[in-house]
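Structure first, then comments.
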Amino acid sequence: MRERILIVEDSRTQAEALRFLLEEHGFEVVVAISGEAALEALRLGAPVEIVVSDIVMPGMSGYDLCRTLKGEQGASAPPVILLTTLSDPTDIVRGLECGADNYVTKPYLPEQLLQRIGQVLETRRLRREARTPGSTDVQFMGSTFSISSGKEQILDMLLSSFEELVRASDALKKSRAEMAVLHTRAEDRAERLSRLQGVTEALSRARTSAEVASVVVTNARDVFGADAGFAALLAPTGDALETVASVGYSDALVARWQRIPLDAALPITEAVRTSEVCVFGSASELAERFSDMEPAAHQAVLAAPFVVGGTTLGAWTISFRRARGFEPVDREFFLTLTRQCAQALDRARLFEAERQARAEAEEANRVKAQFLASMSHDLRTPLNAIGGYVELMELGIRGPVTDAQHTDLQRIKRNQQFLLALINDVLNFAKLEAGSVVYASEKVSISSLLRDLEAMVKPQMDAKRVGYGWSPCGESIYVRGDEEKIQQVLTNVAGNALKFTPAEGAVEVSCVVEGDWVKLRIQDSGIGIAADKLEAIFDPFIQVQSGELAGDGVGIGLGLAISRELVRAMGGDLSVESVVDGGSTFTVTLPGFRENPPAASGG
Ligand code: ADP
């Protein structure tokens, strides 16, 4: 015959869950949804072998139900199991006080509840005859409780409580251990995060591939507690890896693996071949797969390829002398380091390529400057000799000169001078380009500059019947720069003015001070320059106007390029305004100042 259980539970859902469980285990179940309803049914003599009652219910509580039932029916009352949350330590004593037979903590495990029911039914069978009547007063947590339960019942309750305690303490221990694991993990994670930050910083400073690789390999070894590690880049030939950084390996091993053929049986080549992170945690696995590894030297290995934008740049690996497992977080951290390193390697690669290109360009420039310097020296010497001999002949030292010979000698002289000027221009420009020009920074008087300029250009202006004038802008105006180079610029610009101004035209040189700047203007009434050529004339080898006006002073288009470069190097600028057939005005701007002469003393 099936044993009948009365469930007293105000929550219908919980009552149904209990019914389902108990019926499934062969009990017959009756449900009462309140303490009152349960008492009523029991008073009417409902045949019940055991009562399982909730404690907290609206109206009659589980304690009251139990107390009343035990009070009214004494030893013949069915045993009562209370369902308690154990939120109050007096729950158990209260249970004893009201005569309950046992309790189960909520939320209950089904096996636990079934075990308690079985236990209570068994005890009841055993002590059916020997029930001790009467009650004892006990003190518990500051209150007095009158216990009416029998000895066995009390023992039962206490053992159950003990069992409960052991279980709770086990659970506590387990959760403590779990907490400790979590704590270590959190600490580990924090350490790795701060490490990662350090790595990112160090990588941003690393310039070369070797520096980048060394940062990552060293950090990875420290974080993982590895014994060794190395990184290698794919050789330009694509069939081997070339080691760029390593830690923890013997010199012999490093020397041996300086170049690693891609078909070598090693974890690092495996990573390149598979394009994946490779994780090996056991020595036997390593020995079996990688015949080229030092036997038993390392028992666990992590390896990964450096891939950027689908291109494999190389790979790296760290290894351990002792076998060990790798958790997903280890793998993830290794991957993060790999990604960071790959990106930094890519940057370093570009940086190195750029540096190489710059070094090559600088070297080419140096060779060019050297070549031009020696070439112009070799050309200047014979040209000067030609000039010297022409002068000798012109002076009639070698005998009388006919008119026709005189004209020829003039032509030789002009061409000799042109070639000399041209060589000087090329040489100057080469020097500027090579950055080998040294500038003096001196206080230069404008008046003396303009006086010297007049001495140099006036005779040629007169010869071509071009008017020349200059207005002094006061003795007290100075510029700061290299006097010789400023003079070179002024001579060049004034020379152009003469070259591109027809006879009867005019060239005017003036000067203004604007704030911290002094502007020297060379204005001509010549042929002018088309608006779309105004910038181009400053580029090397650009000539807008040659032909008959350029006449005897033909150049090669370097004069203005050199002049602008010189003025800019002294902190100033060279600009032009011009109208075709309306003349041109070139302005040389230089940092300048006015210095009043010391006031006359005495008086
Ligand atoms: P070049 O040695 O050929 O004169 P520059 O660099 O000095 O070379 O001048 C470049 C070109 O600028 C000249 O060929 C000419 O066409 C134009 N140019 C320079 N100065 C003047 C000027 N004062 N008037 C008209 N054109 C000029």
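For region 517-529, the condition of being surrounded by fewer than 17 Cβ atoms within 10 Å (Cβ to Cβ), part of a strand (DSSP E or B) and β-branched (Val, Ile, Thr) holds for none of the residues.
Residue count for region 491-510 under the criterion of being more than 12 Å from the ligand (Cβ to nearest atom) and surrounded by 19 or more Cβ atoms within 10 Å (Cβ to Cβ): the result is 1. Here residue 576 meets each of (1) β-branched (Val, Ile, Thr); (2) within 16 Å of the ligand (Cβ to nearest atom); (3) touching a Gly at 6+ places or on another chain (Cβ under 9 Å); (4) modelled with pLDDT of 95 or more with one exception, condition (3). On the stretch given as region 480-490, residues that are in a helix (DSSP H, G or I) and away from the ligand (no atom under 11 Å from the Cβ) total 7. When 500, 541 are checked against the criterion of being on the phi > 0 side of the Ramachandran plot and in contact (Cβ under 8 Å) with a residue 12 or more places away in the chain, 541 stands alone in meeting it. When 525, 476 are checked against the criterion of being more than 15 Å from the ligand (Cβ to nearest atom) and either of a type outside the set (A, V, I, L, M, F, W, C) or modelled with pLDDT under 95 (or both), 476 stands alone in meeting it.
The residue list 75, 41 contains one member that is in contact with a Lys or Arg (Cβ under 8 Å, 6 or more places away or on another chain), surrounded by fewer than 18 Cβ atoms within 10 Å (Cβ to Cβ) and at negative phi, which is 75. Restricting the first member to region 423-448 and to residues that are without any contact (Cβ under 8 Å) to a residue 12 or more places away in the chain, and the second to residues that are crowded, with 18+ Cβ neighbours inside 10 Å, the beta-carbon pairs closer than 9 Å and six or more apart or on different chains are 438/482.
Restricting 233, 262, 286 to residues that are more than 28 Å from the chain's Cα centre (by Cα) and either under 28 Å from residue 350 (Cβ atoms) or touching a residue at least 60 places away in the same chain (Cβ under 8 Å) (or both) narrows the list to 262.
For first residues located in region 556-575 and part of a helix (DSSP H, G or I), partners that are of a type in the set (A, V, I, L, M) and near the ligand (Cβ under 9 Å from one of its atoms) and lie 6+ apart or on another chain with Cβ distances below 9 Å form the pairs 559/493; 560/493; 560/537; 560/542; 560/576; 561/537; 561/542; 563/493. Evaluation of residue 342 against the conditions (1) among the aliphatic types (A, V, I, L, M); (2) modelled with pLDDT under 90; (3) assigned to a helix (DSSP H, G or I) shows that the sole unmet condition is (2).
The values are calculated or read from the model by the stated rules, or taken from the named source; none is laboratory data. Keep in mind that what you see is a predicted model, and the values were worked out from it rather than measured. Glycine gets a Cβ as well: all are built from the backbone with ideal geometry, and neighbour counts include every protein chain shown.
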